[in-house]
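The values are calculated or read from the model by the stated rules, or taken from the named source; none is laboratory data. What you are looking at is a predicted structure, and each value in this text was computed from that prediction instead of being measured. Don't worry about glycine lacking a Cβ; one is built from the backbone with ideal geometry, like all the others, and counts go over all protein chains shown.
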Amino acid sequence: MSSSRRPPPGLVQLLVTLCLALAWLGRQDVVRMEGIVAEVARAMLDGSSWCVPHLHGVPYTYKPPLAYWLVAGSFKLCGENAWTLRLPMALAAVALASGVHLLTRRALGPRRAAWAAIASTTGILFLSKMRTAEFDGLIAAGVGIAGVATAVALASESPRPGAWITAGLGLAFGFLAKGPIAFALFGAGLLGALGATGRWRRLTTPAPLLSLGLAALTALLWLLCLWRIGGEAVLAQPLGEASIRALHWTPRAVGLSAAKPLAAVVLFFPWSVVALLGWRHRRELPEKAQALARAAGGFTVGALLALTLLPTYEPRYFLPLAAPLAVVAGAFIGGVGRRVRLAALFLVAGAWILQVAVIEPHQAARRSLREVARVLAPQLPERETVWTVGEDEHSSLFFYLDRPVRAFPGPAQLPPPGSWLVLATGQGEEAAYARAGIVSLADLQRGHTRYWVARVPPAPFDGGSEARGRAPR
């Protein structure tokens, strides 16, 4: 096929990313954190505050509301199911890849930019996260676009106010996705990019100051909104979520943190290897491509150093580094040879098939609470409000029960008489409910947790009278 008849590289990367993100997206059951996102989004559609997220009727502001907004919009337009729950996060991955291509094609050329776009969402870590309804894919899209736009602005010889504004919008998006960690990673990456390019004075021009101010204003307005509506108790949740990431060093923490650069190579495989192999050919690149690779590499190293200083070892925190690292890999893709490029594509295809055909079904089978809901639902009246102890890890159960949910503190402070309860308890926890007169109407054991339905006695419980029903086994 002649070059004039080949499809545009940007169209190819768009189709590839769409297929990887959307194919069989809703096939697996909703699990764990996805249930939280779904329940908070439902609450917003049912009249809860869109500024202060609520889970089971209680403020839940550990994360900003962007994920809930997007899922609520998806539910409103397309109905409530697993596919529409995950759709906004999958589309965020598609938007990230497209944004990387648009931002870098002037410096890298259309083909290298397309490679960078594909690499931004097809590392091993990203393939495992872009198809789940959690917060990590959104912050990766926001901070990733912000990092690439910053690299473009610093690599250019001329001022690029549009790139800086894009960086500010991406940073605001990242903050609204997951909170202050977006500023920490972007700030460290910005310092790394400035150090790599030596263009420190660019930071004092109006465009970057305006973009950073826009992101900071977004964060300030949301925190102010929390304080005005919910008071100090609600505001303490996101601030407390940030404080638990404070430095608590131990010898084990030091050792694990020292291994984080190696972990990044593994998590972004195969594109991390492409970037390392192509580095030796960097001087063969056009000057613009060299400058962009240098700035993007500096951003990646700076953000990675910040992660090294955080004593957290969850792989998902590396996700915002995917896009700037992909720019480096895309810039150097021509220097690694055709065989390496084909091997990388085959590895990506194999990793995606493994993720969709093996890993996702295994995780769903191990974590899904759909069967629990099927057993408990016949004991509950239709559309009756049910009460539960506010433990967010079991929220996917209520996605399948499809009933209004309210939270209560525990057996010492029960909801009104006659209320229906759906409880998840471990060994020894049932005794406190039995003393309060709460007995099981239906139950199911899953691992160390027993899920059961009960009802608050219609009158104060008399400990000497005979309790009806059966106690949880």
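When the residues of segment 381-399 are narrowed to those that are among the aromatic types (Phe, Trp, Tyr) and closer than 15 Å to GLY35 by Cα, which ends up surrounded by the fewest Cβ atoms within 10 Å (Cβ to Cβ)? Step through it out loud before you land on a result.
Going through segment 381-399, the residues among the aromatic types (Phe, Trp, Tyr) turn out to be 387, 398-399.
In the following step, the residues that additionally are closer than 15 Å to GLY35 by Cα were identified as 398-399.
On the way: PHE398: 23, PHE399: 25.
Once the filter is applied, the top-ranked residue is PHE398.
Looking at segment 339-348, is at least one residue buried (at least 20 other Cβ atoms within 10 Å of the Cβ) and over 22 Å from GLU34 (Cβ atoms)? It would help to see each step written out before you state the result.
Applying the first criterion (buried (at least 20 other Cβ atoms within 10 Å of the Cβ)) to segment 339-348 yields 344, 348.
With the extra rule that they be over 22 Å from GLU34 (Cβ atoms), the set shrinks to 344, 348.
Scanning segment 339-348 turns up at least one residue that is buried (at least 20 other Cβ atoms within 10 Å of the Cβ) and over 22 Å from GLU34 (Cβ atoms).
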(request) Return only the number of the condition from (1) over 20 Å from the mean Cα position of the chain (by Cα); (2) over 30 Å from PRO161 (Cα atoms); (3) at pLDDT below 95 that LYS76 does not satisfy. (result) (3)
(request) Check ARG6 against each of (1) in contact with a Lys or Arg (Cβ under 9 Å, 6 or more places away or on another chain); (2) loosely packed, with under 15 Cβ neighbours inside 10 Å and name the one condition it does not meet. (result) (1)
(request) Answer yes or no as to whether TYR68 is over 22 Å from SER98 (Cα atoms), among the hydroxyl-bearing types (Ser, Thr, Tyr) and part of a helix (DSSP H, G or I). (result) yes
(message) Could you check segment 188-210 and list, in sequence order, the residues that are free of Cβ contacts under 8 Å to residues at least 60 places away in the same chain and in contact with a Gly (Cβ under 9 Å, 6 or more places away or on another chain)?
(response) ALA207, PRO208, LEU210
(request) Evaluate the following for PHE135: is it at pLDDT 95 or above and of a type outside the set (Ser, Thr, Tyr)? (result) no
(request) Would you be able to tell me the number of residues in segment 122-132 that are farther than 12 Å from MET89 by Cα and either at pLDDT 95 or above or not in a helix (DSSP H, G or I) (or both)? (result) 2
(request) Please go through segment 9-30 and pick out each residue that is surrounded by 19 or more Cβ atoms within 10 Å (Cβ to Cβ) and modelled with pLDDT under 90. (result) PRO9
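Can VAL254 be described as of a type in the set (A, V, I, L, M, F, W, C), in the same structural domain as LEU108 (by TED's automatic domain parsing) and at pLDDT 85 or above?
Working: of a type in the set (A, V, I, L, M, F, W, C): yes; in the same structural domain as LEU108 (by TED's automatic domain parsing): yes; at pLDDT 85 or above: no.
Considered against the rule, which asks whether it is of a type in the set (A, V, I, L, M, F, W, C), in the same structural domain as LEU108 (by TED's automatic domain parsing) and at pLDDT 85 or above, VAL254 comes out as no.
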(request) Could you please find all residues in segment 55-89 being over 16 Å from LEU176 (Cα atoms) and surrounded by 23 or more Cβ atoms within 10 Å (Cβ to Cβ)? (result) LEU55, HIS56, LEU85, ARG86, LEU87
(message) What's the number of the only condition in (1) touching a Leu at 6+ places or on another chain (Cβ under 9 Å); (2) part of a helix (DSSP H, G or I) that GLY195 fails to meet?
(response) (1)
(message) Suppose we keep only residues that are modelled with pLDDT under 90 and of a type outside the set (A, V, I, L, M) within segment 364-380. Which one would you say is surrounded by the most Cβ atoms within 10 Å (Cβ to Cβ)?
(response) ARG367
(message) So if I check each of SER98, SER128, which one is touching a helix residue (DSSP H, G or I) at 6+ places or on another chain (Cβ under 9 Å), surrounded by fewer than 24 Cβ atoms within 10 Å (Cβ to Cβ), within 22 Å of LEU267 (Cβ to Cβ) and small (Gly, Ala, Ser)?
(response) SER128
(message) Take the residues in segment 410-455 that are among the hydrophobic types (A, V, I, L, M, F, W, C) and more than 15 Å from VAL386 (Cα to Cα); name whichever of them is surrounded by the fewest Cβ atoms within 10 Å (Cβ to Cβ).
(response) ALA412
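If you check VAL389 against the conditions, is it closer than 13 Å to ALA424 by Cβ and in contact (Cβ under 8 Å) with a residue 60 or more places away in the chain?
Details: closer than 13 Å to ALA424 by Cβ: yes; in contact (Cβ under 8 Å) with a residue 60 or more places away in the chain: no.
It is false that VAL389 is closer than 13 Å to ALA424 by Cβ and in contact (Cβ under 8 Å) with a residue 60 or more places away in the chain.
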(request) Please enumerate the residues belonging to segment 312-324 that are surrounded by fewer than 14 Cβ atoms within 10 Å (Cβ to Cβ) and in a helix (DSSP H, G or I). (result) none
(message) Cβ contacts < 7 Å: first residue more than 11 Å from TYR68 (Cα to Cα), restricted to segment 26-47; second residue among the polar types (S, T, N, Q) and in a loop (DSSP other than H, G, I, E, B), any location; separation 6+ or different chain. Result?
(response) GLY26/ASN81; ASP29/SER368; VAL31/SER368
(request) Only one of these is of a type in the set (Lys, Arg), at pLDDT 85 or above and not assigned by TED's automatic domain parsing to the domain that holds SER48: ARG383, ARG403. Name it. (result) ARG403
